[in-house]
Each structure stands twice: as C-alpha cells, then as structure tokens.
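Accompanying notes for the structure given below.
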Amino acid sequence: MSVQPLYRRGDTVDRAFIVSKGPVLVGLPGRDPHSIEANSIVVGTLEFLLADVHHTQRRLFDLYLGQAGEATGITLDVVAEMINQFHFGYNSNIFLGRLIEFTNHAFAESRRDLKDVLRPYQRRARLYVRMVDKLYDIGVRHQLRMLCDLAALRRDTALYRDGELYGRPSVFHAVVSPPSTRSRYVELYKKNSLICREGSRGKQMFVLLSGKIVVMAEGLYVATIETPGEAFGELSLFLDGKRTATLIAEEDTNVLTIEHKNIRHFVRHRCPTFFMSSAQALAERVYQNVTRIDRMYALANGPNP
C-alpha cells in the first residue's frame, strides 16, 4: 500500500490535520504500521490535548495517510473548536478509542516479549504505589505533615513512577456542575449493587452525581470514584468494546448514563465541551500506553531493575 507520512515520531508538534478520507496508519518502533479507518476526523491532536499536563512538544508515534486518503493541514489554534463540533468531535473520539485498542494490544505483546525478571518488578512497583498513596491519605486525614512529606519524597522515585505506568488512568470530569438527580437519564444504584462488569459490552458511559463507586480490575481494587462530575466508561460509548473494569456502588449512588442514542442531546443541552473533555481523557490513556511500552523496553534492555 502506498502511504504518505503526515508526521514522524519525534517531529515538532506544529499543526493538526483534517482527514476527510482514510485510512491512516499508526507506527510504533519495531512494529508494522497499524491501519485505522478515519473519515471526517481531526488527527495529530494527541500531543496538543496533552500539552497542559505533560508539556509534550514532540510526536509520540508515526502517522501515515493511506492510499487514496485525503488530508488538510490546520493550525493548532482551531483544534479545540473543531473537536467540540459534534461531527468531528464524535469521529475524533472514535479514532482515539481505536488508538487505545491498538496501543493496548501493543502493550500486551510487549509484556509477553519481555524478560521474566520484569514481571515481579511490575508487581512490586504497583504495590509500592498503593503503599505510598495510602501513606499520603493517612497523613492528610490525620493532619500529619511528616507522613505527607515522606510520601511526597517516595513519589519522586523511579519505582513509584513505574508503578503509576502499570496502573490504570484516572477518570475525567464530564460535567462541571452535575445534572439534577431527578432526570430520566439518572439511575440509583443501591449499596453493593453492580453497575457494570469487566468483560461485558455496553454502548454507554457514566457520570457520578452522588455516592461512591469502587473500581475493580482482574479481581483487584484499582480506584474509588467519589467526586461528583467524574465520568467513566467513555471508551464503551465510542466503541463496541469490552468493559475494562468492574464497577460496584460502595454506597447508594446516583449515576447519569450517557448512551450512544442520547449523546447528541447530552452534548447540546448538558455539556457543550464534552467531546474535548473526553478526547483529553482518551489521549491520556494513549500517552500512558506508549510511555509504558517505551519504559518497559528500557528496563528490559538495561540493568536489572
């Protein structure tokens, strides 16, 4: 297949592209380019979406335009406006979701290819993050400055940073002011009831209005969602994929459900910047996957961790 490079890994981020006709191909080091259908989307936005958090100024992967594809360059100052338009916003989030699927698969393959010594290190790093975070929570709860300072020092270590990479990304805020719980889109989950199960399929995402939700993955506790406005399950909204976690109401919990069939109403009447917020959350997940892959290979090819 004849391809046209839109940019290369390491290039300076200076513009984005409207792809009116695809596909596009994504290239990671040591892997064949992966084809993703892309019609009426904005690409080259990943680093722009991450700029406020990670200050990324270089491309994270190669991107090519497939044969017979059509793309037009645009300046970065119009990216937010484009993504918040329903048509481009929806399709661009689908593309980011496909990027997550690809990088998830690449991450899983890289784990299988690595030396056995890295697996126990990953487990140790994850446990270390939980221990340090718990230490910080205790310090805050009991106003123990010494514990907070100790946790801050431990967070500034390679083991903690690696543990964060092997963990799961945080949720994002889909609404600034949560909608009223008196709505036909809101469901009350009683204490200990199941919201969704890992491995199941569903074309909806959720926004916490009140209460508390426990996130479990592979039978292990991952996180607690307890801030009103936090959203989760966004990948299932844009893709017909499997749930990556089990969600359980820790107490009586009101949840706003955004389904594929009512997303237009939600964006228009509840949250006009929804597509931008979700794109930033999905971009963060792509970033974490790419960073994990790079970091794991660095660990595997260097001195034993």
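The values are calculated or read from the model by the stated rules, or taken from the named source; none is laboratory data. Keep in mind that this is a model prediction, so the values were computed, not measured. With ideal geometry, Cβ positions are generated from the backbone for all residues, glycine too; neighbour counts draw on all protein chains shown. Ligands, DNA and RNA are stripped out before the accessible areas are found, and what is left, the full protein with its side chains, is counted by its heavy atoms. Shrake-Rupley method; radii C 1.70, N 1.55, O 1.52, S 1.80 Å.
Classify the range 21-96 from the C-alpha gyration tensor, please: rounded if a/c falls under 1.5, else prolate or oblate depending on whether a/b exceeds b/c. Cα axes put the range 21-96 in the oblate bin.
For the chain, what % of the accessible area comes from carbon and sulfur atoms, probe 1.4 Å? Intermediate results must be reported in sequence, preceding the final value.
On the way: 7860 of 15760 Å².
Here it works out to 50 percent.
For the chain, report the accessible area per residue in Å² (1.4 Å probe, heavy atoms, rounded to an integer). Please report the intermediate quantities before stating the final value.
Numbers: 15760 Å² over 305 residues.
Value for the chain: 52 Å² per residue.
Here's the list of lysines a cross-link from Lys190 could span, going by alpha-carbon distance under 16 Å and ignoring same-chain residues fewer than 8 apart: Lys212. Could you state the number of Å between the C-alpha centres of the range 219-295 and the range 26-42? First find each Cα centre; the distance between them is then 23 Å. Along the chain, the longest continuous region that contains none of the trypsin sites (Lys or Arg not before Pro) in a DSSP loop with at most 10 other C-beta atoms within 10 Å is 1-181.
Spin-label pair Asp11-Lys203: with each label point 7 Å from Cα along the Cα-Cβ axis, the two points sit 3.5 nm from one another.
Nearest 0.05, what FRET efficiency do Ala158 and His105 give at R0 = 30 Å with Cβ-Cβ as r? Display every interim value, and only then the final one.
Working: r = 26 Å, r/R0 = 0.88.
Working from the Cβ atoms, E equals 0.70.
Of Ser277, Ser2, the residue with the largest accessible area leads and the full order is Ser2, Ser277 (1.4 Å probe).
Between Ser210 and Asn254, the built amide H atoms are under 5 Å apart, and every one of these is 5 or more places off in sequence or on another chain. For a straight C-alpha distance cut-off of 14 angstrom, the aspartates and glutamates reachable from Lys191 (same-chain residues fewer than eight places away being disregarded) are Glu226, Glu250, Glu251, Asp252. Placing R0 at 35 angstrom, the Cβ-Cβ distance between Glu70 and Asn301 gives a FRET efficiency of 0.30 after rounding to 0.05.
Add -39500 (n - 2.57) for each DSSP H run of 4 or more in the chain, then divide by its residues: what number comes out at 222 nm, to the nearest 500 deg cm²/dmol?
Numbers: 9 runs with 126 residues, N = 305.
Roughly -13500 deg cm²/dmol at 222 nm, from the helical runs in the chain.
Excluding same-chain neighbours fewer than eight residues apart, the aspartates and glutamates reachable from Lys261 by a Cα-Cα span under 19 Å are Glu187, Glu234, Asp240. Its relative contact order, with pairs defined as Cα atoms under 8 Å and 6+ residues apart, puts the chain at 19 percent. Here the mean projected area of the convex hull built on the C-alpha positions of the chain is 17.1 nm².
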